[in-house]
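Below: the structure, in structure tokens.
Just so you know, all these numbers are worked out from the coordinates, no wet-lab data involved. Since this is a predicted model, take the numbers as computed values, not measurements. Every residue, glycine as well, gets a Cβ built from its backbone with ideal geometry; the counts of neighbours run over all protein chains shown.
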Amino acid sequence: MATLDINTTSDDCYGTSDGGFSATSTTAEIGSTTAGGVTTRAWFPFVVSLWKSLVITSATLKVRSTGNSSGTTCKVKIGCEAADNPSAPTTKNDLYARTLSTSYLTNNNVSAWTAGTEYSFDITGAVQEILNRAGWVPGNTMAVLIHDNGSDADISRIIATEENVTYAQAILEIVYVAGGQVIVFESD
């Protein structure tokens with residue numbers, strides 16, 4: 001077995017349903033941000049050097065909380081953007097137009113978070129789906145999307161982005177079986 005840990009890039013971003021968008025913030029908020037029920041989406045890109053159709057044993061998104069949060073549980077869907085090599089969103093509308101992979105984690109029980117603590121989400125199915133795409137090649141960007149999934153109003157969690165100097169940015173950890181691959185080269 002081999003493990004590949006990949007840090008997110010500075011293209012990470014998040015947006016809110018009321019029009020807010022940031023690609024330079026030190027944090028990304030997930031869940032519902034105000035009493036008015038404004039929802040969020042976050043986008044975390046990872047440059048992945050694994051080959052097409054590689055069978056993985058696990059894929060885990062690891063994020064670091066930047067603040068304490070309690071109260072009602074936050075509800076999210078976490079998967080990958082259904083794209084071979086997506087570019088960074090540049091506006092809220094661009095972010096909200098991105099399509100979530102058909103495989104994703106529904107976590108309707110994101111309980112209280114503590115500042116500085118790492119939290120993990122199993123997104124093995126979503127990562128495998130992207131590696132199986134026809135246009136996937138090593139070195140492509142794989143983006144993890146986090147959507148609100150009906151959190152109560154003003155219930156959110158705060159994640160450190162790549163720009164955060166206090167807490168570590170998001171990491172995508174992929175575990176796969178190393179070796180044993182048969183590579184066929186064809187020539188004319």
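Structure notes:
- Neighbourhood charge, 9 Å Cβ-Cβ cut-off, centred on ALA134 and excluding it, Lys, Arg +1 and Asp, Glu -1: +1
- Measuring between their Cα centroids, the range 91-163 and the range 17-49 lie 10 Å from each other.
- As an equivalent ellipsoid, the range 40-89 spans semi-axes of 27, 15, 11 angstrom, where each value is the square root of five times an eigenvalue of the C-alpha gyration tensor, largest first.
- On a per residue basis, the convex hull of the C-alpha atoms belonging to the range 2-176 measures out at 97 Å³.
- Ranking of ASP11, ASP152 by count of other Cβ atoms within 10 Å, fewest first: ASP152, ASP11
- Pair-distance profile P(r), taking every C-alpha pair of the range 85-177, with 5 angstrom steps and integer %: 2, 9, 18, 21, 24, 17, 7, 2, 0
- Cα-based radius of gyration for the range 17-106, normalised by 2.2 N^0.38 Å, reads 1.22.
- Using the rule -39500 (n - 2.57) for each DSSP H run of four or more residues, divided by the residues of the chain, the 222 nm mean residue ellipticity is -1500 deg cm²/dmol.
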